Structure formats: structure tokens, C-alpha cells
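Structure first, then comments.
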Amino acid sequence: MDSLRIMKILVLLSIVLTICMPAASAHRVYVQETITEVEVRAWFGGGDPMADADVMVYAIKDGEEELYIEDKTDSEGLFYFKPKLGVSEYRIVVSESGHKDEKTFSLTGDAVGNNSDAELPLAAKIGAGFGYIIGIAGIAMYLSARKSKSQ
């Protein structure tokens, strides 16, 4: 094989391997609750638990919010609390070393505003990036053609 063909194969192989790489999201924070004794699970985007993270539980009753519990998660990123009598809506805030998320939920199953950001999948982010680049290049070519036409 000649060196040009080997070079083409290596370039193609590197492109395929780059496309197949999994996404890494190490700093995204998630919070999940389970209703009986309320279980709160907090983890980073990569799946690592938020061990010893600060947890603040706010009880919401008649539109008024008050701090109910302030504690820390365990080594698995879990925190449990018993619901306050007569209160069915809570806001949980979990934070650790600058990373923070919050979730508002109701024990009655009523819809409460979802305050979590929807994150685009990696393929959509890559497509959007190429779209922006193509758009900017198109504008630049249009302006360049217009400038050369007027001269």
C-alpha cells in the first residue's frame, strides 16, 4: 500500500472513532424523589452521587414557603425525610461545591411547574453547531459577493 492510501484510512478511522465517542457530562446535577418517606437522590451528570451535599427542604403551604429541614446527603447521594403533617408540596435544593439543582414537587400528584432545564442530546448539539457555522459562512459569502459585485 502506498502512504497516501494509509493516510486516508487513518483519517477516516479517526473521524469514525470521534463520532462514536460517548458524551461526557460530569457537572449536571439531578434530583429525584420517592413518596412514602420522601427519598431524595442527587447525582452528577456522569452518574456519580453527590455525597455529603447540602440539602434544604422547603415546605410550601398556602403559597407560603418555609425552611423545613437542612441536612446533608449520605455517601450514596441519598437523603430521606418524613413529610410535615398537612403539607403536600415541597421544594428541595441540593448543592455541593458550586453545583446546585432544585426541584418542586407535590405529594398529591398535582402538576407543579417543572423547573429543570431540558438538555439537548449530543447529536442535536453537533447539528446545531454545524448549522451556526454554515449560517455564518453563508452570510460572509453573501457579503463578500455583494462587495465584489459593487466594485
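All of the numbers you see were taken from the coordinates with simple rules; none came from a lab. Keep in mind that this is a model prediction, so the values were computed, not measured. Neighbour counts are summed over all protein chains in view; Cβ atoms, including those assigned to glycine, are modelled from backbone coordinates with ideal geometry.
Some points to look at:
- Reach of Lys82 by Cα under 18 Å, taken over lysines that are not fewer than 8 positions away in the same chain: Lys61, Lys72, Lys103
- Cut-off 10 Å between beta-carbons: net charge of the residues surrounding Ser95, Lys and Arg +1, Asp and Glu -1: -3
- In degrees, nearest ten, helix 122-150 long axis to first principal axis of the chain (Cα): 40
- Cβ-based charge dipole, the stretch 29-106, positive-most Cα from Gln32, Met50, Tyr68: Gln32
- The stretch 59-112: GluC sites (Glu not before Pro) falling in loop per DSSP and having at most 11 other Cβ within 10 Å: none
- Cα shape, the stretch 37-151, gyration tensor, a/c 1.5 rule: prolate
- Spacing of the two label points (7 Å from each Cα toward its C-beta) at Ile9 and Tyr30, in nm: 4.1
- The slack between Glu66 and Glu102, meaning 0.36 nm per residue of separation minus the straight C-alpha distance, is 11.5 nm.
- In this Cβ point-charge picture (+1 for Lys and Arg, -1 for Asp and Glu), the chain has a dipole of about 1660 debye about its Cα centre.
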